[in-house]
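Visitor: Just passing along the structure, written as structure tokens.
The values are calculated or read from the model by the stated rules, or taken from the named source; none is laboratory data. Worth saying up front: this structure is predicted, and the values here are computed from it rather than measured. Cβ: placed from backbone, ideal geometry, glycine included. Neighbour counts: every protein chain shown.
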Amino acid sequence: MQFKHRIFVLGWGIFGGWIGLCGPVASEPDEDQLGKSAGYPLGARWSAMENRVGSWSALDKVEGVLTQSVSRGDKVNPLPKATHPPEIRYRYRNLGYTLDEYLERRRITGLLVLKDGEIVAERYRYSRTQDAKFLSFSMAKSVTSMLVGVALEKGLITSLNDPAGKYAKDLAGSAYGETPIRDLLRMSSGITFTERYDGQDDVSKLSRSFATGNPPVVSVLRSFSERHKPSGEKFVYASAETEVLGRMLTGATGRSMAELTTEWLWKPMGAESDAFWCHGRDRQAGAYFCFNATLRDWGRLGMLMANDGKLNGQQIISADYLRQATDIAAQPAAFAPYKATPYFGYGYQFWLHPLKERSFAFQGVHGQSVFVQPATGIVMVQTAVYAQASGAQDPEPYAERTAFWMGVLQSLGGRTDRY
């Protein structure tokens, strides 16, 4: 990671006068490598390093990407700015840092911190702006889970114990089709599926199929048939399981993921901007990776989760379902923190923080995250372009993100006692 010296600048004020010394302006981490000189371009190779900033905040403008709009409603749920926001500080490797120092150290494109529905901090980097619609990667999995909760409450899904193939008819008789919905939500089908982010794994095969339609995604999903464990016993991260959930949802409802998200989430939660899902050649949205929204609307989604699915007296998502989805106590022992993974636990497509106070996250590769602690009303949203997809490949930025989240909690009166 490269860092350049800071410079001081003179500028012409917005009211037509010199504003003089306006403070230090720092270059942003790896900005040259990430395409600054070309204006952070879009590109069909949208994971190429020089295209990441531009493409991951405007994927609907990238040639060849197919999208379906998620419409906002008439009423916007306001996010007022906190009058006297406290300074956010954190510690990492026994050194203390500020929020702005955190941004100078990592490839973060957007950062939003909310407390009780008010904006404590909002930053955009690498020339991104408030209207940028940031790619979620696997944060989309948590959105898919919310839609499952609504479908269950409405009776469109009879039971989480039903096999997915009851609703996703084109997967009936396959290993995934025979797996109970609850086990797919916990990523515990036991079906062997590799996810190493090396270009040669099963998730790469799934994503190529999504992009090209050859072979069809359903054929790829049906090809996974070997079980390494009985269903429901062990958490093993597998994006295919969320893709099955998305197809189960559209089969159960007869509607697209974009239509469901519009009606069940975006309009009732008071989104400020339209969002969108990317979809494959079969017009099925990529439930496991491809929802896109503004930073503030990701924050509204986090606040909806912090309020256990309720807004202005309306229960948008079942509170009981969300408790099952995000509470460590509701999971079998194998899915608790330190058991499911060396750090996080896992619920219904949500990562569970190892804290005594219920705290959870939507997380995507390359640093995307929404962290939520409901009891204290604290939400943090981060979008990023980390060089490596996961902490297994490069632990440093992910470890510092966790340290920063702990600092946010401590700075805003949150609870950090370990589980």
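Visitor: Give the number of residues within region 348-366 that are on the phi > 0 side of the Ramachandran plot and buried (at least 24 other Cβ atoms within 10 Å of the Cβ).
Guide: Here the count works out to 1.
Visitor: Answer yes or no as to whether A340 is in contact (Cβ under 8 Å) with a residue 60 or more places away in the chain, surrounded by 22 or more Cβ atoms within 10 Å (Cβ to Cβ), in contact with a Leu (Cβ under 9 Å, 6 or more places away or on another chain) and in a helix (DSSP H, G or I).
Guide: Criteria not met by A340.
Visitor: Could you list, in sequence order, all residues of region 259-288 that are farther than 11 Å from L301 by Cα, aliphatic (A, V, I, L, M) and either over 15 Å from the mean Cα position of the chain (by Cα) or surrounded by fewer than 18 Cβ atoms within 10 Å (Cβ to Cβ) (or both)?
Guide: L260, A285
Visitor: Could you tell me which numbered condition K234 fails, if it satisfies all but one of (1) more than 29 Å from E259 (Cβ to Cβ); (2) within 21 Å of the chain's Cα centre (by Cα); (3) surrounded by 17 or more Cβ atoms within 10 Å (Cβ to Cβ); (4) of a type outside the set (G, A, S)?
Guide: Every condition holds for K234 apart from (2).
Visitor: Another question about this same structure. Can you pull out the residues in region 44-79 that are in a loop (DSSP other than H, G, I, E, B), out of contact with any strand residue (DSSP E or B) (no Cβ under 6 Å at 6 or more places or on another chain) and of a type in the set (S, T, Y)?
Guide: S47, S71
Visitor: Given T341, T326, which one is polar (S, T, N, Q), closer than 15 Å to K141 by Cα and under 21 Å from the mean Cα position of the chain (by Cα)?
Guide: T326
Visitor: Sticking with this structure for a sec: Tell me, please, whether a residue that is surrounded by 20 or more Cβ atoms within 10 Å (Cβ to Cβ), of a type in the set (S, T, N, Q) and either at pLDDT below 95 or closer than 26 Å to W56 by Cα (or both) can be found in region 319-329.
Guide: No.
Visitor: Further, regarding this structure: Which of the residues spanning region 127-157 are of a type in the set (S, T, Y), surrounded by fewer than 24 Cβ atoms within 10 Å (Cβ to Cβ) and farther than 30 Å from G413 by Cα?
Guide: Within region 127-157, S127 is the sole residue that qualifies.
Visitor: Filtering region 386-419 down to residues that are touching a strand residue (DSSP E or B) at 6+ places or on another chain (Cβ under 6 Å) and assigned to a loop (DSSP other than H, G, I, E, B), which residue is modelled with the lowest pLDDT?
Guide: Step by step, filter region 386-419, then rank; the result is Y419.
Visitor: Something else about it: Across region 283-336, what is the number of residues that are basic (K, R) and in a strand (DSSP E or B)?
Guide: Looking only at region 283-336, we keep the residues that are basic (K, R), and these are 283, 296, 300, 310, 323.
Imposing the further condition that a residue be in a strand (DSSP E or B) reduces the set to 310.
Residues in region 283-336 being basic (K, R) and in a strand (DSSP E or B): 1 in total.
Visitor: Can you name the condition, by its number, that V372 falls short on among (1) closer than 25 Å to S188 by Cα; (2) assigned to a loop (DSSP other than H, G, I, E, B); (3) of a type in the set (A, V, I, L, M)?
Guide: Of the numbered conditions (1) closer than 25 Å to S188 by Cα; (2) assigned to a loop (DSSP other than H, G, I, E, B); (3) of a type in the set (A, V, I, L, M), the odd one out for V372 is (2).
Visitor: If you take the residues of region 25-80 that are small (G, A, S) and crowded, with 18+ Cβ neighbours inside 10 Å, which of them is farthest from the chain's Cα centre (by Cα)?
Guide: Here is the first cut: in region 25-80, the ones small (G, A, S) are 26-27, 35, 37-39, 43-44, 47-48, 54-55, 57-58, 64, 69, 71, 73.
Adding the requirement that they be crowded, with 18+ Cβ neighbours inside 10 Å leaves 35, 54-55, 57-58.
Details: G35: 24, G54: 18, S55: 16, S57: 13, A58: 16 Å.
Filtering first and then ranking leaves G35.
Visitor: Before we move on, is Y126 in contact (Cβ under 8 Å) with a residue 12 or more places away in the chain and on the phi > 0 side of the Ramachandran plot? Explain how you work it out, then say what you get.
Guide: On the way: in contact (Cβ under 8 Å) with a residue 12 or more places away in the chain: yes; on the phi > 0 side of the Ramachandran plot: yes.
Taking the combined requirement at face value, the residue satisfies it.
Visitor: Would you be able to say whether some residue in region 135-152 is farther than 30 Å from L42 by Cβ, over 18 Å from the mean Cα position of the chain (by Cα) and assigned to a loop (DSSP other than H, G, I, E, B)?
Guide: no
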